[in-house]
1. Any residue that is acidic (Asp, Glu), modelled with pLDDT of 95 or more and under 23 Å from VAL83 (Cβ atoms) - is there at least one of those in the stretch 15-27?
2. Only residues that are in a loop (DSSP other than H, G, I, E, B), more than 24 Å from ILE85 (Cα to Cα) and either in contact with a strand residue (DSSP E or B) (Cβ under 9 Å, 6 or more places away or on another chain) or of a type in the set (Val, Ile, Thr) (or both): list them for the stretch 99-157, please.
3. Which pairs do you get when a residue that is at positive phi, found in the stretch 83-112, comes within reach of a residue that is surrounded by 13 or more Cβ atoms within 10 Å (Cβ to Cβ), reach meaning Cβ atoms under 9 angstrom, with the pair 6+ apart or on two chains?
4. So in the stretch 71-112, with the set limited to residues that are polar (S, T, N, Q) and touching an Asp or Glu at 6+ places or on another chain (Cβ under 9 Å), which one is modelled with the highest pLDDT?
5. Of the residues ALA76, ALA58, only one is farther than 16 Å from ASP18 by Cβ and without any contact (Cβ under 8 Å) to a residue 60 or more places away in the chain; which?
6. I'd like the residue in the stretch 30-65 that is of a type in the set (Gly, Ala, Ser) and out of contact with any Pro (no Cβ under 8 Å at 6 or more places or on another chain) and, out of all such residues, is modelled with the lowest pLDDT.
7. Only residues that are hydrophobic (A, V, I, L, M, F, W, C), within 23 Å of GLU97 (Cβ to Cβ) and touching a Leu at 6+ places or on another chain (Cβ under 8 Å): list them for the stretch 113-142, please.
8. Within the stretch 83-90, can one find any residue that is among the basic types (Lys, Arg), in a strand (DSSP E or B), in contact with a Leu (Cβ under 9 Å, 6 or more places away or on another chain) and under 24 Å from ILE26 (Cβ atoms)?
Amino acid sequence: MIALYPGSFDPPHLGHLDIIRRAAAIAERLIVAVAVNPDKSLFLSIDQRVSLLRDLTAGLANVEVDRYLGATVAYAARRRIGVLIRGVRSGQDLEQERALAIVNRTLGGLETVLLPAAAETVHLSGRLVREALAAGLPVDALVPAPVAAALRARTSP
């Protein structure tokens, strides 16, 4: 099974990395795809996010990191992917992902596998990391070391 784990990964955090590792363990091949959204103001550039994810997944032989513009279902069709991986942290996430799963199955024939967040990462989100950083708090416990370094470099005067 070729699976797709799409997202903005802005920034990649420990929750993302946990989902990637677990998805890689159940998929023959996993494509981690960073969505390019020109209408969204992002903290890290697309190149930084792709590079960080490639470094973080270098030890996972069946993981590929890519980027895409446009609808996830269109990207999946181009890459001949039939399964999406999504992480869920809460009941609210579950409802949102359930609705998206129905749309993705209806429009693109994609099945969705939902992986519950690990207890130690259930609180993490890109927004939380960015807010902690903006408040001047250390983010080392929230993101892998290379991401923390990139974030510090981004916010240093």
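The values are calculated or read from the model by the stated rules, or taken from the named source; none is laboratory data. Since this is a predicted model, take the numbers as computed values, not measurements. Cβ sites come from the backbone with ideal geometry, for glycine too, and all protein chains shown count toward neighbours.
1. Yes: the stretch 15-27 contains one or more residues that are acidic (Asp, Glu), modelled with pLDDT of 95 or more and under 23 Å from VAL83 (Cβ atoms).
2. Once the filter is applied, which keeps residues that are in a loop (DSSP other than H, G, I, E, B), more than 24 Å from ILE85 (Cα to Cα) and either in contact with a strand residue (DSSP E or B) (Cβ under 9 Å, 6 or more places away or on another chain) or of a type in the set (Val, Ile, Thr) (or both), the stretch 99-157 yields only VAL139.
3. GLY109/VAL73; GLY109/ALA76; GLY109/ALA77; GLY109/GLY82
4. THR112
5. Being farther than 16 Å from ASP18 by Cβ and without any contact (Cβ under 8 Å) to a residue 60 or more places away in the chain holds for just one of ALA76, ALA58, which is ALA58.
6. For the stretch 30-65, the residue satisfying everything is SER41.
7. Of everything in the stretch 113-142, those that are hydrophobic (A, V, I, L, M, F, W, C), within 23 Å of GLU97 (Cβ to Cβ) and touching a Leu at 6+ places or on another chain (Cβ under 8 Å) turn out to be VAL113, LEU114, ALA117, LEU124, LEU128, VAL129, LEU142.
8. Yes, the stretch 83-90 has at least one match.
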